[in-house]
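Step one of this worksheet: look at the structure below.
The values are calculated or read from the model by the stated rules, or taken from the named source; none is laboratory data. Computed from a predicted model, the values in this text were never measured in an experiment. Because the Cβ atoms are built from the backbone with ideal geometry, glycine has one as well, and the counts that use them run over all protein chains shown. What goes into the accessible areas is simple: the full protein's heavy atoms, side chains included, and nothing from ligands, DNA or RNA. Shrake-Rupley method; radii C 1.70, N 1.55, O 1.52, S 1.80 Å.
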Amino acid sequence: MRIGILGLGRIGAFHAETLSELDAVDSLVVADPSADAARAAADLFGAEVAASPQALLAAGVDGVVVAAATDAHPELIVAAVEAGVPVFCEKPVARTMTEGVDVLKAVAGHDVPVQIGFNRRFDAAYAAARAAVRAGELGKLHTVRSTTLDPAPPPPAYVAASGGIFRDCSVHDFDIIRWVTGREVTEVYAVGGNRGAAYIREAGDADTTGAVLTLDDGTIAVVSNSRHNGRGHDVRMELHGFDDSVAVGLEDRLPLRSVEPGATFPAGTPHDFFMDRFAAAYRAELGAFTEVVAGTRTSPCTIEDALEAGWIAEACTLSLREHRPVTVAEVRRG
Ligand SMILES: NC(=O)c1ccc[n+]([C@@H]2O[C@H](COP(=O)([O-])OP(=O)(O)OC[C@H]3O[C@@H](n4cnc5c(N)ncnc54)[C@H](O)[C@@H]3O)[C@@H](O)[C@H]2O)c1
């Protein structure tokens, strides 16, 4: 099949490499307002260059991967759907929830699949945790802990346009908690701190946050995020039930140093980058998209899923600002 890629920045170039290695993909067409970015991807991965997103959609593509800057997601998703081309779009659907709901309304009624890029759903350990929960192996769940700690903050311009740590980073935790547990979040209480990069505080954002989520079956989920985790990129989940407990990310490259006398675990080099931590998941995610394009599976992460994680991020943002518990129903619109 022939796949188009819109946006060849950090993640777009990575996706171009992954797509070029998938058996299902025969050829690539790329477009980016930065001619240099498009040309570099074309040279590296043997892609054709299209002059614009419109030209790319008219170039006979079977599916399109949107990895453009977040601002451009709504118009590119809608243009592809209106052209009848299945879309994979990186998270988030849009910069604001209002725009995200507008995208949902604009694509309703078109029978064209859209997959949003929450890559943790394709990580083997998260999938095994989900299977264990669904099979009842843990018994009734009581506690979930979800952690995403980055080694260093993104640059000032990225932080300023990101919408804040809950919408940009914790949203991955919110999505994976819903996906693994199969439950919805009803209420949140969030706290945040600023003891790191001054430009994060100046952007009105927190560099470290904690959020307590109550799920609709009474399970408590604790979400921990930071932009300043010197030991590495720490992404984990623990699920505790009445009968058993499981952990995702409890492996040799976990960025934690045990101070137990004689302990030798974890013994590996700590993960230091999300592309390295999730390389296999990104590959599986795009492999799934080729199946969506081929019509052999439905979208494994819909716009509705992405918006639900977005509402949890909205609730946490309000909770932190007003220093109070917030229900998801209070912030949900549209
Ligand atoms: N799922 C994940 O793990 C993950 C990781 C990183 C980034 N992302 C998401 O991917 C998106 C891109 O992030 P990035 O870090 O690669 O950003 P980036 O700034 O490195 O790259 C964005 C690229 O999009 C291009 N672009 C802008 N408008 C465009 C348009 N209309 N058509 C085509 N290209 C356009 C820019 O020229 C740039 O090359 C963001 O939405 C981000 O949230 C997701």
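Computed values, structure above
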read-out	value
Cβ-Cβ under 7 Å pairs, at least 6 apart or on other chains, segment 56-84 side open to solvent by 30 Å² or more (accessible area, probe 1.4 Å) and within 11 Å of the ligand (Cβ to nearest atom), far side of a type outside the set (A, V, I, L, M, F, W, C) and at pLDDT below 95	70/92; 70/95; 71/95
Options 287, 310: the member that is touching a helix residue (DSSP H, G or I) at 6+ places or on another chain (Cβ under 6 Å), closer than 24 Å to residue 126 by Cβ and of a type outside the set (S, T, N, Q)	310
Any hit, segment 7-22, residues being within 12 Å of the ligand (Cβ to nearest atom) and part of a strand (DSSP E or B)	no
The listed residue being crowded, with 19+ Cβ neighbours inside 10 Å and on the phi > 0 side of the Ramachandran plot, out of 182, 192, 218, 164	164
Search result, residues across segment 23-52 that are away from the ligand (no atom under 15 Å from the Cβ), acidic (Asp, Glu) and under 25 Å from the mean Cα position of the chain (by Cα)	23
Yes/no for residue 206 being over 24 Å from residue 132 (Cβ atoms) and assigned to a helix (DSSP H, G or I)	no
